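To start, the structure itself, in structure tokens.
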Amino acid sequence: MLAGAAPTAARRPITLRFPRFTVPPNQDREVCTFVRVPMRAAFDVAGQVVVSATVAAKGSTSHHFLLYAYTGKDLEGFRPWEGQIVDSKACLDVGPADATSRVLIAGAQTPRSKGRLRRGLALRLEPTATADGARAVGFLLDSHWINSSAGPVTGAVKVKLLPARPGSVKRYAKPIFEVVGNAFIDVPPHATSEAGWWWGPGQANLGGGIGGADVPSGPACVVSVTGHMHQWGTRFLATYVDASGGRQALYENFDYDHPGQRLFARPLLVRPGERIEYRCEYENGIQRPQRLGCEEEPGVIPGRSILATLGAGDGLTSGAAKPCFRPGDASAECQATDPAYPGRRFTGRCVEARLVFGFTSRDEMCILPGTYYDADPHAAPGHECDL
């Protein structure tokens, strides 16, 4: 049974449970659900504990877990999904249309994760009025699992939101989840390439409606940054760029499945006109495996970047090739049609493919996650981020 345990006192944690689900052999599965937690007053989150557990099976693991709080006015619009386990890509098709009214409040790139914000910081959850006159916070849970084993596995997730001590909160934290770099991933077979974008106050909010977090309009105090890539990622680099073009390396990672993070001893002040650039480097079929995919047009390498799909007038969507694993001209994996790929037809050949953005672990991503809080615009220079 799906469960969302409400805090019975101001200092009790909120515990959410994503019930067990099955992941077929040699497949990824991303599932979403919605939980409504009754809440009379605002709740200040100071930390998180995420445990993604599975029945033991070598080769299966949680790829990521994301937790969003709904901040819009249509809480009832989630009712058809409440208590359901829904296969979805980034949960964008779950709930009402106001996808920008979702705030990322917790996440984990490893099966077990625990973290706390620095003292004086918290993330505030404001309850929303429900149809019956009560108040509640709506949570959208997104669990992505990888199963590389020969049999099905069962996974489940438990997340605990830890409360801030009463009277301790000085500022409210907000998420960095910059996703525009995904659009530029395009690596031909037996090649290397890179993709990236930037995050900064006052920039165009390009990622807000496609799974990313909104960007601040004014100066921001950055608390932490990390990187997110998949198995073809060879390097992630984040760099602070000041208003005059001066550059300072902030974070670097060469190990996609143990990304770590940069925690700033003193928050990094980023003003309008300044930014954090991020770059992801990839290789496709040199030392890392060659991405294979089902051919759709004879002689044309399958796989299209987001930019290519936009250029073809197909909208903002992933054009990743349908995965296959045994190259050949009469592949059983590449039947002419597949309901999981509506509107696409295949020649029956499994061939070398382009590496592009996709929602499964067999494709790629280039994302800058992190945390910040709004700077004090009235503080003396050098004290804008004091708590």
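What follows is calculated from the coordinates using simple rules that are stated; it is not laboratory data. Quick caveat: nothing in here was measured; it's all calculated off a predicted structure. Note that each Cβ is placed from the backbone with ideal geometry, even for glycine, and that neighbours are counted across all protein chains shown.
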(request) In nm, give the distance between the simple-model label positions of Leu316 and Ala330, each being 7 Å from the Cα along the Cα-to-Cβ direction. (result) 4.5
(request) Starting from the alpha-carbon convex hull of the chain, give the projected area averaged over all orientations, in nm². (result) 20.2
(request) Return, in residue-number order, each cysteine of the chain whose C-beta is not under 4.7 Å from any other cysteine's C-beta. (result) none
(message) Residue by residue through the range 321-334, what is 3J(HN,Hα) from phi via Karplus (6.51 cos²θ - 1.76 cosθ + 1.60, θ = phi - 60°)? Round to whole Hz and write x for glycine and proline.
(response) 5, 5, x, 9, 10, 10, x, x, 7, 10, 7, 5, 7, 10
(request) Quick one: which residues, 5+ away or cross-chain, put their amide H under 5 Å from the amide H of Glu30? H built at 1.01 Å from N. (result) Ser88, Trp145
(request) With only Lys, Arg, Asp and Glu charged, each at its Cβ (+1 for the first two, -1 for the last two), find how big the charge dipole of the chain is about the Cα centre; round to the nearest 20 debye. (result) 1620
(message) Once R0 is set to 22 Å, what does the formula 1/(1 + (r/R0)^6) return for the Cβ-Cβ distance between Phe254 and Leu206, expressed as a FRET efficiency to the nearest 0.05?
(response) 0.20
(request) Determine the alpha carbon to alpha carbon distance for each of Lys174/Lys322; Lys114/Lys170; Lys158/Lys322; Lys114/Lys322; Lys89/Lys170 and list only those over 25 Å. (result) Lys174/Lys322; Lys158/Lys322; Lys114/Lys322; Lys89/Lys170
(request) For n ≥ 4 DSSP H runs only, could you compute -39500 (n - 2.57) per run for the chain, divide by its residues and tell me the 222 nm figure to the nearest 500? (result) -500 deg cm²/dmol
